[in-house]
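None of the figures in this text is laboratory data; all of them are computed from the coordinates on show. What you are looking at is a predicted structure, and each value in this text was computed from that prediction instead of being measured. Here the Cβ positions follow ideal geometry from the backbone for every residue, glycine too, while neighbour counts run over all protein chains shown.
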Amino acid sequence: MDQLLSALRAAAETTRLRILALLSKGELTVGELVSILDQSQPRVSRHLKLMCDAGLLARFQEGTQVFYRLEDEGVGANLNASLVPLLPEQDMNFLHDLRALAGIRQDRFEKAQGYFRENAQSWDEIRSLHVSEEQVETALLEMQGRQKFNRMLDIGTGTGRMLDLFAPYASQAVGIDISREMLSVARGNLAKKDLTNCQVRMGDMYKLGVEPESQDLILFHQVMHFADDPSKAVAEAAKALSVGGALLIVDFAPHAEEFMRSEHAHRRLGFAEDEIIHLGASHGLDCSAVKHLDGGKLRVTIWQFKKTA
């Protein structure tokens, strides 16, 4: 009862309700919340601390950035799930906040698109600076079992390398990406190798545009660190995955290389093993294997999930 009352008191203030509404759209940094709410950082930080202490929000630090998200366990999670649908969407404060959030996301999108445009031709070379791709690809094939399957979806396909890698095992493989430049490179690579069972198209990790339970294998290969909302991306993938199908996520382990944000448009500086396992479990996926790979400046982790029901 005390915990519930504390959470209710923590939510019962206009700015805090605005914060709940914003974080229901995805995790945000302190600086982004300060910019959207147009309040001083000390004031916003006090609100955030109170809400964290009451169990409404979760806080995590990554390098120089501090991120906040809605708590997804316990009393706070249940209260958030009840409160967010009740927030008046036409309230002037909320409308202002959503417009400001859209502006921040558009800025992020344009920054990432500019990066992709500039680096599309040398994308594989850039990746090779961080970790041995051959090592990663061998591990992926071993975890998948080199078994035949029907349909595959590669989310954020980039140059189409994952389509190339799994083409011998897939009846049909589709890669999606938000970058036209990347898709152009991928189409050229697929055509050069005459991979007729593979195709690429414009697509969004948050709206995959495929039938529910239609994909036997889904990949996020070095994509999740660009995501504004990793949980939403995993939820969408889980929906698309067939029962018995596998989701493979490849990304960096936590690191402190801040230049990856400023020079390579990364939103996140890697992910802890338990964080991704928890994300999968929260969307009905069972983690069947985790593999850590060293051999470059940054450690790479591969998570394998299965959909059992």
Output ³J(HN,Hα) for segment 14-25: one whole-Hz value per residue in order, computed from phi by the Karplus curve 6.51 cos²θ - 1.76 cosθ + 1.60 with θ = phi - 60°, and x for Gly and Pro.
4, 4, 5, 5, 5, 5, 4, 4, 5, 6, 5, 8
Relative contact order (%) - the chain, alpha-carbon pairs under 8 angstrom, separation at least six:
14
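Is the chain rounded, prolate or oblate when judged by the Cα gyration tensor, a ≥ b ≥ c being the square roots of its eigenvalues, rounded requiring a/c under 1.5 and prolate requiring a/b larger than b/c?
Prolate, since a/c reaches 1.5 and a/b exceeds b/c.
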Assuming R0 = 22 Å, can you tell me the calculated FRET efficiency for the pair THR308 and ARG146, based on Cβ-Cβ distance, to the nearest 0.05?
0.50
Quick one: putting +1 on the C-beta of Lys and Arg, -1 on the C-beta of Asp and Glu, what dipole do you get for the chain around its Cα centre, in Debye to the nearest 20?
360
Highest mean first, how do 13-24, 224-235, 156-167, 137-148 rank when packing is the count of other Cβ atoms within 10 Å averaged over residues?
156-167, 224-235, 13-24, 137-148
Would you mind putting 97-103, 83-89, 275-281 in packing order, based on average other-beta-carbon counts within 10 Å, highest first?
275-281, 97-103, 83-89
I'd like the distance between the alpha-carbon centres of segment 258-296 and segment 159-236, rounded to an integer number of Å.
18
Under 16 Å from the Cα of LYS291, which lysines turn up, not counting those fewer than eight places away in the same chain?
LYS306
For segment 236-309 the mean separation of alpha carbon contacts under 8 Å (6+ apart) over residue count, i.e. relative contact order in percent, is 41
Hey, with R₀ at 35 Å, roughly what FRET efficiency would LYS232 and LYS192 work out to, going by the Cβ-Cβ distance, to 0.05?
0.55
Net charge dipole size for segment 123-306 [Lys, Arg +1 and Asp, Glu -1 on Cβ; Debye, nearest 20]
420
Can you tell me the length gained on complete extension of the stretch ALA281 to GLN90, counting 0.36 nm per residue apart and subtracting the Cα distance?
65.4 nm
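Could you tell me the relative contact order of segment 2-87? Use alpha-carbon pairs under 8 Å, at least six residues apart, and round to a whole percent.
On the way: 101 pairs, mean separation 30.4, N = 86.
Relative contact order comes out at 35 percent.
By how many nm would the segment from GLN39 to GLN199 lengthen if fully extended, with 0.36 nm per residue of separation less the alpha-carbon distance?
Gain on stretching GLN39 to GLN199: 52.9 nm.
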Cα gyration tensor, segment 123-306 - rounded (a/c under 1.5), prolate or oblate
rounded
Taking every DSSP beta bridge with both residues inside the chain, roughly what % is antiparallel (nearest 5)?
50
Rank-order 246-257, 38-49 by packing density, defined as the average count of other C-beta atoms within 10 Å over each peptide's residues, highest first.
246-257, 38-49
Holding the Cα-Cα limit at 22 Å, pick out from LYS25/LYS297; LYS148/LYS307; LYS232/LYS307 the pairs that are longer than that.
LYS25/LYS297
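Check each of the trypsin sites (Lys or Arg not before Pro) in segment 257-309 and keep only those in coil by DSSP with at most 12 other C-beta atoms within 10 angstrom; list them in order.
In loop regions of segment 257-309 (DSSP not H, G, I, E or B), the sparsely surrounded trypsin sites (Lys or Arg not before Pro) are LYS297.
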Pair PHE259, GLU213: separation of 7 Å Cα→Cβ label points (nm)
4.9
What are the ³J(HN,Hα) values, in whole Hz, obtained from phi via the Karplus relation 6.51 cos²θ - 1.76 cosθ + 1.60 with θ = phi - 60°, for each residue of segment 67-74 in sequence order, with x given for Gly and Pro?
10, 10, 8, 5, 5, 10, 9, x
